[in-house]
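Taking it in order: structure first as structure tokens, then the write-up.
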Amino acid sequence: MNKTRKNQRSKRKSGSVLVLVLLVVLISFIIGTGLLALGTQSRVVSINQVQDMMARSAADAGLEHAVQEINNAVVAKTWSTSVVPYASNAALPYSNSIYSVKTAYDAMDGYTIVSVGTDRTRTRTINATLRLKGLFENAIQCRDSIVLKSGTVVDTIDSTISMDPADCDEKTVIGTNSIGDDKVILNSGVVVDGDVVVGVGGDTSTVIKDLGGTYDKSYPLSTSVEFPQVSPPSLFGPDTSIAIKKGEMTIGPGGDFPANGRFSGIKLSNATTLRVVGDCTLYVTGDVDMGQSSEIILDASKNAKLTIYVDGDWASDNNAGINNETSTPSTFKLYGTGPVGQEIDIKAKGEFYGVIYAPDADLTVFSGGNIYGSFVTNNFELKNPAEFLYDASLRTITVYDEGARFVVSRWNEQ
């Protein structure tokens, strides 16, 4: 009897253990299946994310390809409204991604580009609008340092309207690509009617040395300012120097020197004058040396324009100067095409009207009056207090202007 009861209890116990084991196996199976599903889902999500990134990269590549093709035509001087890049299922190297590009050009709205990137089952689309950008977007733009003397005022005009800052609503910008300490020095009383910008990731409190200046805002750039390379034009000789030892000589149509040419240098002795008549373009392979009280005059009565490309240094003695009688900044253009460390010393007896693009040069300016135009250099120092008036009309350019290129102005992704 006792033995029978014992056997029955043993059977019930064995049955309970079996049920417990089966329950553990079932729970383990459910957990394992869930983990497997979760792992599979995570892998699918990861694969989709990778494919999304690759599709986006392909769309970016298509956009960059289109912009580059357009700008290649601009640089080669072969651009026309028929330059509308197109691509269909172009392969992105070293990947399974492809891109397709459609471009449209309108005289009013400019370029619009649609770039579609695809990676397996994932697709990304970028819609972009381009604008034409020139060399002179800001009042003062440097790679490295800016020094403004006490009392300097930086403001904006639009020479197509008037030479009065009160008639222009646009704010001015001065800036550096550098993030080093004390790269923008604003001495006491300096007024910038606009913003001061520093290099990407820079700390404005250390890059800008504010000794009592005022300005609207300061902030680091989101992307570094580009400095397109400018090359001298292909001009024939005479490969001699423009040398004036006494009195006045002219350059331009019917003048003492040809309107367009390549010269080995310019040397003006003391109290001499080089008068520009008509539209002149010079490539100077050597130095420019302006003696004391010498002048380069742009004759407004002769519709003077002067564009100079200079490989060497530019030196100006006391009371030497550039006298642009046209009172239009765009009529005097100086391009520094020399190596890093090129030195340009510019003076003006009165008002200075002109633009200077020399991103590898160190520029110093002493003006007897206001400065109208824009400067792009490596380092810039204004030696005397003056009113520096950026001409906003310099932003209006054509594809034939030096350094012009198309850049993305607006974009969105789908």
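The values are calculated or read from the model by the stated rules, or taken from the named source; none is laboratory data. On a predicted model such as this, the values are computed, not experimentally measured, just so you know. Using ideal geometry, Cβ is built from the backbone for each residue, glycine included, and neighbour counts are taken over all protein chains shown.
The numbered conditions (1) in a strand (DSSP E or B); (2) surrounded by fewer than 17 Cβ atoms within 10 Å (Cβ to Cβ); (3) touching a helix residue (DSSP H, G or I) at 6+ places or on another chain (Cβ under 6 Å) are all true for T156 except (2). Would it be correct to say that A300 is within 20 Å of L148 (Cα to Cα), at pLDDT 95 or above and of a type in the set (A, V, I, L, M)? No; evaluated as a whole, the condition is false for this residue.
Against the numbered list (1) surrounded by fewer than 21 Cβ atoms within 10 Å (Cβ to Cβ); (2) farther than 15 Å from V147 by Cβ; (3) in contact (Cβ under 8 Å) with a residue 60 or more places away in the chain, V376 comes up short only at (1). Scanning the stretch 154-169 turns up one or more residues that are under 30 Å from T331 (Cβ atoms), touching a Leu at 6+ places or on another chain (Cβ under 6 Å), in contact (Cβ under 8 Å) with a residue 40 or more places away in the chain and not aromatic (F, W, Y).
What strands (runs of 3 or more DSSP E), lying completely within the stretch 208-276, carry at least 1 residues that are among the hydrophobic types (A, V, I, L, M, F, W, C) and surrounded by 17 or more Cβ atoms within 10 Å (Cβ to Cβ)?
Qualifying strands (runs of 3 or more DSSP E): 208-210, 241-244, 248-251, 260-263, 265-268, 273-276.
Hey, does the stretch 303-315 have a residue that's touching a residue at least 12 places away in the same chain (Cβ under 8 Å) and more than 32 Å from the chain's Cα centre (by Cα)? The answer is no, given that none of the residues of the stretch 303-315 is touching a residue at least 12 places away in the same chain (Cβ under 8 Å) and more than 32 Å from the chain's Cα centre (by Cα). The set of residues in the stretch 382-412 that are surrounded by fewer than 17 Cβ atoms within 10 Å (Cβ to Cβ) and either part of a strand (DSSP E or B) or among the aromatic types (F, W, Y) (or both) comprises Y400, V407, V408, S409, R410, W411, N412. Checked against the criterion of being more than 28 Å from R143 (Cα to Cα) and surrounded by fewer than 19 Cβ atoms within 10 Å (Cβ to Cβ), the candidates E325, E343 yield just one match: E325.
The selection criterion, being more than 25 Å from P232 (Cα to Cα) and aromatic (F, W, Y), holds for F366. Being out of contact with any Pro (no Cβ under 9 Å at 6 or more places or on another chain), assigned by TED's automatic domain parsing to the domain that holds L148 and either within 24 Å of G134 (Cβ to Cβ) or of a type in the set (V, I, T) (or both) is a condition met by at least one residue of the stretch 264-272.
Evaluation of S145 against the conditions (1) more than 24 Å from S178 (Cβ to Cβ); (2) in contact (Cβ under 8 Å) with a residue 12 or more places away in the chain; (3) not aliphatic (A, V, I, L, M) shows that the sole unmet condition is (1).
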